[in-house]
Structures are given as structure tokens and as C-alpha cells.
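Everything below concerns the one structure shown next.
The values are calculated or read from the model by the stated rules, or taken from the named source; none is laboratory data. Everything quoted here is computed from the prediction, not taken from an experiment. Counting neighbours? That spans all protein chains shown, and the Cβs are built from the backbone with ideal geometry, glycine included.
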Amino acid sequence: MKFTLIVDPNQEEQVVATVHHPSELTAKIEELVLQHSGDNALPVYAQEDLVYLPFSEIECITVVEGKTYAIDTKGEHNRVRLRLYEVEQLLPNGFIRINKSSLANQSRLERFAASYSGAVDAVFKCGYREYVSRRCFAEIKRRFVQK
């Protein structure tokens with residue numbers, strides 16, 4: 001198998017793959033290419049500075065007291081000046097809803113922790129914890145079983 005990447009800012013972006021027959025890999029590549037909107041970062045406010053936080057560095061996006069925050073890999077809360085549904089439209093498919101006011105980056109989830117009361121928390125690699133609603137947990141289980 002060969003791979004060629006040509007970077008030319010003067011040309012329209014396109015991805016061409018020549019294969020002998022479609023496979024699970026080609027389906028994943030197609031899904032990845034089609035879901036990519038060209039953006040790979042979210043504008044956030046760290047203290048008073050506007051910075052672009054790469055999607056790969058976002059652990060969770062949550063609403064606290066009516067304000068939206070993106071929790072990064074260091075556990076810091078960065079203010080997002082968009083509503084949660086607006087942020088959800090910008091994010092790639094790797095983000096999942098875990099409750100009414102939070103979205104999680106699947107690749108940054110470390111585990112799900114259950115308590116004796118039956119509640120489930122999502123535990124992220126930075127140590128941040130957020131509760132998972134029963135309705136969302138059922139959807140998350142379906143999503144993981146399909147893989």
C-alpha cells in the first residue's frame with residue numbers, strides 16, 4: 001500500500017483513495033474525511049486571552065451556572081462564549097453527550113465509575129469527573145457495543 005500527501009494551498013482540498021475493494025478501513029477513512037469541517041480547534045478564553053484550544057486537548061465541555069466551559073487536558077476551565085448546542089455543532093463525531101449540560105471527548109475518557117446508588121460518573125484522563133445521565137449512558141453503551 002502506498003500513501004501520498006500533497007500540500008498545495010492553491011488547490012481545493014480533496015482526498016482520493018484507490019483500493020482493490022471496500023473494507024472497514026476505507027469506511028473509517030471516508031467517515032473521518034466527511035466529518036472533518038476544516039476546523040480542528042475551538043475558540044476559548046483562558047483568563048482574558050482568546051486562544052484556540054485543539055479538539056484533541058478538550059476533555060469535556062460543560063455548562064456551570066449558565067456559562068459554557070471547555071475543560072482541557074490540564075483540568076483548567078476555559079470559558080466558551082457559545083451555547084452548548086452551538087458548540088456541539090462545531091465538534092467532530094468523537095464527542096458524545098453525557099448529560100443535559102455536558103459533552104465528552106470519547107478519546108479522553110478514562111473510565112466510567114459507578115456508585116452504590118446507581119449513579120455513573122465519567123472520569124477523564126485529567127482527573128475531572130462529570131455525572132452521566134441514565135438516558136445518555138444507555139446511548140453510550142449502544143455506541144461502544146457497535147464498535
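In this structure, does residue 30 turn out to be more than 16 Å from the chain's Cα centre (by Cα), assigned to a helix (DSSP H, G or I) and at pLDDT below 80?
yes
Taking residue 69, is it hydroxyl-bearing (Ser, Thr, Tyr), under 28 Å from residue 137 (Cβ atoms), surrounded by fewer than 10 Cβ atoms within 10 Å (Cβ to Cβ) and modelled with pLDDT of 90 or more?
Considered against the rule, which asks whether it is hydroxyl-bearing (Ser, Thr, Tyr), under 28 Å from residue 137 (Cβ atoms), surrounded by fewer than 10 Cβ atoms within 10 Å (Cβ to Cβ) and modelled with pLDDT of 90 or more, residue 69 comes out as no.
Residues in the stretch 118-139: is at least one without any contact (Cβ under 8 Å) to a residue 24 or more places away in the chain and at positive phi?
Yes.
I need the full set of residues from the stretch 98-108 which are surrounded by fewer than 18 Cβ atoms within 10 Å (Cβ to Cβ) and not in a loop (DSSP other than H, G, I, E, B), in order please.
Listed by number, the residues that qualify are 106, 107.
Against the definition (within 15 Å of the chain's Cα centre (by Cα) and either of a type in the set (S, T, N, Q) or in a helix (DSSP H, G or I) (or both)), how does residue 85 come out, yes or no?
yes
Any residue at all in the stretch 75-84 that is of a type in the set (Val, Ile, Thr) and at pLDDT below 90?
Within the stretch 75-84, not a single residue is of a type in the set (Val, Ile, Thr) and at pLDDT below 90.
Would you check if residue 51 is surrounded by 11 or more Cβ atoms within 10 Å (Cβ to Cβ), at pLDDT 80 or above and either among the small types (Gly, Ala, Ser) or within 30 Å of residue 71 (Cβ to Cβ) (or both)?
The answer is yes for residue 51.
Among the residues that make up the stretch 52-69, is at least one of them assigned to a loop (DSSP other than H, G, I, E, B) and hydrophobic (A, V, I, L, M, F, W, C)?
no
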